[in-house]
Each structure stands twice: as structure tokens, then as C-alpha cells.
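The next block holds one structure in the form of C-alpha cells; read it before the comments.
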Protein chains: 2
Amino acid sequence: MDTDVKRRRLQLFEQLCRDRGIPATVQRRAILEAVLGLTTHPTADAVFSEVSRRIPGVSRTTVYRTLDALFAMGLIAKASHAGSAVRYDPNTSAHHHLVCRNCDAVIDVIDERLDHVPVPDTSLVGFVVTDHQVQFRGLCKNCRTKEDEP
Amino acid sequence: MDTDVKRRRLQLFEQLCRDRGIPATVQRRAILEAVLGLTTHPTADAVFSEVSRRIPGVSRTTVYRTLDALFAMGLIAKASHAGSAVRYDPNTSAHHHLVCRNCDAVIDVIDERLDHVPVPDTSLVGFVVTDHQVQFRGLCKNCRTKEDEP
DNA sequence: TTAAGTGCAAAAGCTTTGCGGGTAG
DNA sequence: CTACCCGCAAAGCTTTTGCACTTAA
């Protein structure tokens, strides 16, 4: 992620904490920095590994709780796709995903044309649409080469 | 699900089993019928409950194993969206979903316009797209009324 | 000071695995 | 007959919860 964006996100974090009168702890800063530094849409466990390097004694529980908190503050996003574990995403603006059906890797897609797909008429079922996301499924580079050599 | 479609799906199941020389057991038939009969994109546990009614002694393990097998045979689909449990879908053809961000309910969307969204250029990352799905997020009827009365 | 956060241990929810006995083809 | 399936129990992985101690504001 761009250094400038990171810096601003961290400043936003500090401000949101001040506004709400909640402590900006070492752990929280480190966990936010870890997500901002990973481009792999890490699972909570992957974030835990990364953070453990900087704060050796940190607990998994704190990572889970903090990821939830950062998500609630709008500082990070959840990547919604099938798979055993939830994945987190530093990119909070509208974007789409390539999802590998073999290894569950998630790659960002930025394409304005996808931000304006036709919204179906959902008045019959009483559903209110606020948001949408396009998922492209297929095979990533790694898994493609693996399938070629059986 | 339409009775005719159900009947044909069950026939297809019998034939696939014969072709592959694998037994079409009572349990498998019942599990397939259960998924075809539920329009709620049931979790494995919901399928288990439904099947238990017809086959009182059936085990969760068999339900999990069979859902996997039916998926591998292309007889049912997995609904890919964030949430703790995997959900199964009798509709195996291209379609899209409304996902409630409050209760995780999944509702089918059939809209041809969504079947032809622009496919982004993924040659740079070496990803081969085979498929896509649009997810509309928002609030379902139930959760909307709940939020109105806090 | 004091409300909130942290770590630990334990539990909960979903799913998979190993194994002995049973059953469809 | 024989390969495959079934149910049971146990374990695995991700995530949540309760509680005593610590820390940021």
C-alpha cells in the first residue's frame, strides 16, 4: 500500500480514537499497520503472525478483537468470499475481487465499469441494496501452473 | 424448486452414480432432495436437520461428506459469501445474490444483464477468469423492520 | 484515577478424519 | 464378493467468552 495512504490512515485512526475517547494502544497501532502492509487479504491468523514479529507477546484474542474494532471504525474492510476464514482488506473503497477457486487467494480488481452494474428490482422481496461487489472466480497463476503438471 | 426440475435432477443423480459405479444410497438421495427442497441456501447443519426428519439415524458426517460429493458432481452449488458456515444452493446455473449484512440471509437474483459484466484484463497477474458473480449487500425485509424499532 | 484494553484459558461453532462395521452393485 | 459407504468418536481450525491484571488518557 502507498506510504502516503498508510500515514493518513494511521492519522485517521489516532483521531477516531481521540474523538471516541478510546485508547490508541500499541497493539492496535501494530495490527492496523500490519493489515495496511499486507496485500494478500490476510486472515486473522496471518495478521497475528505478522504482528507477533513486532510484539512477541501479543495474543490471538487481541488480534481478533482489534480487527473487529478497526472494521467497525471503517478503517479496514472484510473481503467477503467463500472460505474457512474471514479475510481483511486495507482497501475500504469500492472495488472487486479475483478469487482463486483452488487456493482461495484474493486479488483486487479496480475497474470503474464494474461500479455501475444494473441494480435489480428487489422491491418484491423487500430488500434494500446499499452496495455491491463483483467476484471473478478462476485460477491464479500459481494454481494454473500446478494443474499443468499432474 | 420446480417439481419437474427436481425430478430431472434426481434422474441425473442416478445416472451419474451408475456412470461412475458409485452407490446411490438412501442417504444421498435424501440429502439431494433436501437441498432441492430448501430455498434458503441452507447450511450443512440446516440440511442435516431436514434430512434427520426423514432418516432419523443419519449422521452429520454423512451430510457433510455427501454435500461435498454432490457439489463435486455438479448437482448442487455453494453460495460463496462471507459468513461462518458454508451454504448450499440447488441452483447450479449462473445467478447472483442479495446478501443481508445483518442476518446473512441469501436471496437469488436472476437478471440477464448481470451475466455479461465487463471482464477486466487479468493477464498481468496471470489469473484466468472462468466465472463471475455479483453480490448485492444490504438489509433484508426482516432486518429492516427490526432496525426501525430500536 | 478509571474506564477500557490485554492476555490467558477454556469453550463454542463448523468441519474433517480414522476406524470398524454395514451395504449397494 | 468387494469396493465403497455409513455412523461414531475424536480431533482440527477459526473464533468467541469470562475473568483477573494492566495501561492509556
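Nothing in this text is a laboratory measurement; each read-out follows from the coordinates by a stated rule. Every value quoted in this text rests on a predicted model; they were computed, and no experiment measured them. We place every Cβ from the backbone using ideal geometry, glycine too, and count neighbours over all the protein chains shown.
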Exercise. In nanometres, what is the gap between the two model label sites at B:Ser52 and A:Leu38, each 7 Å from Cα along Cα-to-Cβ?
Worked result: 3.6 nm
Exercise. What size of dipole, in debye to the nearest 20, comes out for the stretch B:93-148 about its Cα centre when the only charges are +1 on Lys and Arg C-beta atoms and -1 on Asp and Glu C-beta atoms?
Worked result: 300 debye
Exercise. For A:Asn142 and A:Arg18, FRET efficiency with R0 = 45 Å and r from the beta-carbon atoms, rounded to 0.05?
Worked result: 0.55
For this session: Mind putting a number on the dipole of the stretch A:21-150 about its Cα centre? Charges go on the C-beta only, +1 for Lys and Arg and -1 for Asp and Glu, and I need it in Debye to the nearest 20.
Result: 540 debye
Exercise. Which one of B:Ala69, B:Ile22, B:Gly37 is farthest out on the positive end of the charge dipole of chain B, using unit charges on Cβ (Lys, Arg +1; Asp, Glu -1) and the Cα centre as origin?
Worked result: B:Ile22
Seminar exercise, completed: If amide H atoms are modeled at 1.01 Å from N in the peptide plane, then the residues at a separation of 5 or more from B:Ala77, or on another chain, having amide H under 5 Å from its own are B:Asp89, B:Asn91
For this session: Please give the calculated 222 nm ellipticity per residue for the protein assembly as shown, where each DSSP H segment of at least 4 residues contributes -39500 (n - 2.57) and the sum is spread over every residue; nearest 500 deg cm²/dmol?
Result: -13000 deg cm²/dmol
For this session: Calculate how many DSSP beta bridges within the protein assembly as shown are antiparallel, expressed in % of all such bridges and rounded to the nearest 5.
Result: 75 percent
Seminar exercise, completed: For A:Val5 and B:Arg65, extending 7 Å from Cα along the Cα-Cβ vector and measuring point to point gives, in nm, a value of 4.7 nm
For this session: Return the lysines within reach of B:Lys146: Cα separation strictly under 29 angstrom, same-chain partners fewer than 8 residues apart disregarded; answer none if there are no such residues.
Result: A:Lys78, B:Lys78
Problem set entry | Inter-copy spacing of A:Pro56 label points, which lie 7 Å from Cα along Cα→Cβ, given in nm from shortest upward | 6.0
Problem set entry | Inter-copy separations for A:Val128, label at 7 Å along Cα-Cβ, nm, ascending | 4.4
Seminar exercise, completed: So, in nm and shortest first, the distances from A:Ala24 to its counterparts in the other copies, with label points 7 Å along Cα→Cβ, work out as 6.5
For this session: Calculate, in nm to one decimal, what B:Ser93 and B:His116 gain on full extension: separation in residues at 0.36 nm each, minus their alpha carbon distance.
Result: 6.9 nm
For this session: Could you tell me the distance between the Cα centroids of the stretch B:68-124 and the stretch A:13-79, to the nearest Å?
Result: 30 Å
